[in-house]
């Protein structure tokens, strides 16, 4: 006689798909518990705080497992599923390849290849959580819950201090190095992995993140002391940002290229500490849905503009780039990279050429990092022409803290040529 199915308990504040049932996890649990007998309890709750995640719904799955000796153990998983909104479908529904399939491929194929490259030379380097697959036809990514291993998210509003920033840059350099060696030894990534959504399928979404956002930025920035110095450049960018972002996204075969994480900001990082001393031990990457092959500037600008503390973003930028570069070269060498090594000047050149990516980060994920937790911080409200949408954009771009960051970051970007969109877009 089969055991009675466990009661499924859901959090009433979130809408869960009808297919999410306890018995879907039987095979995963049999692999995790050799004496697995049955699921006693099954519960789904929100896995992230408002404002920490936009493109997907993240659920924590809590399960009480009964073993063959009639004892019980508790475990948790993190389940990512699509937003069931019109805005999400307009942004990602046109893609010929699901971002969930892409992420699962990243976890189960390419991350494993990167780890094997390091194991081949005697190094054990981890990048993220273990990934599982449920036997269902619906978009999803099922991951181990890193919090069970002691990993913690950082305070996105406070930003990272120097120690954490350097640790993350080391992990990024290890990732970039392995991704470049993988191409040199095994050939290019499939098109859907190498392009991500930076193609014609994703053009409308990029426009919503860039050109369509400019009117809100101009309104906010007009109230910042000293805005006169860069305001005309901002006005002249109108209608040219998307084109320039896609220009940067295009792969230049003459440059040193890597598989970028693509969404490399604070909510997609977790940290492990020594429980007795509190010493930082490791950092892991989370969320591989936006990977993109191309210049290292894509990840570097996105991260260094959005995620360190304000006092570090500009003053330590070149220092951080040098520390990343040293780790990149170190790991390219130990992985026996066979192609020409980039110089530090090469890295700085690509950072200057890709300056628009810094602007995209400053007017996108940087605002998200600094946003106070709010229930209206949802994907559809980022773009919706609704009262809630206007309210969210006002909160994102008009807060006192965000303006403090923009006051420092935007003049710095201007001095590096990052706001000269019109000039680049008129090239023959």
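Each reported figure results from applying straightforward, stated rules to the coordinates on display, with no laboratory input. In this text, all values refer to a predicted model and were calculated from it rather than measured experimentally. We place every Cβ from the backbone using ideal geometry, glycine too, and count neighbours over all the protein chains shown.
Please work out the Kirkwood hydrodynamic radius for the range 122-176, using every pair of different C-alpha atoms, and report it in angstroms with one decimal place.
On the way: mean 1/r = 0.0708 Å⁻¹.
Roughly 14.1 Å, rounded to one decimal.
Using DSSP, restrict attention to beta bridges with both residues in the chain and report what percent are antiparallel, rounded to the nearest 5.
90 percent
Between the range 144-183 and the range 259-312, how many Å separate their Cα centres?
4 Å
Taking only Cα atoms, what is the 0 to 90° angle, nearest 10, from helix 297-306's long axis to the longest principal axis of the chain?
That helix lies at roughly 90 degrees to the long axis.
With all pairs of different alpha carbon atoms counted, what Kirkwood hydrodynamic radius in Å does the chain show?
22.8 Å
How big is D, in µm² s⁻¹, for the range 187-249 by Stokes-Einstein at 10 °C and 1.306 mPa s if Rh is the Kirkwood radius over C-alpha pairs?
Once the numbers are plugged in, D ends up at 119 µm²/s.
Report, to the nearest 10°, how far helix 387-398 tilts away from the longest principal axis of the Cα atoms in the chain, using its own Cα long axis and a range of 0 to 90°.
Once rounded, one gets 60 degrees.
Taking neighbour Cβ counts within 10 Å as the exposure measure, how do 179, 399 sort from fewest upward?
Least crowded to most crowded, the residues run 399, 179.
Using only the alpha-carbon atoms, how far is helix 400-415 inclined from the longest principal axis of the chain? Give it as 0 to 90 degrees, nearest 10.
Roughly 50 degrees between the two axes.
How far apart, in nm, are two points set 7 Å out from the Cα along the Cα-to-Cβ line at residue 276 and at residue 125?
2.9 nm
Dividing the alpha-carbon radius of gyration of the range 315-428 by 2.2 N^0.38 Å (N being the number of residues), what value is obtained?
With N residues counted in the range 315-428, Rg over 2.2 N^0.38 Å equals 1.39.
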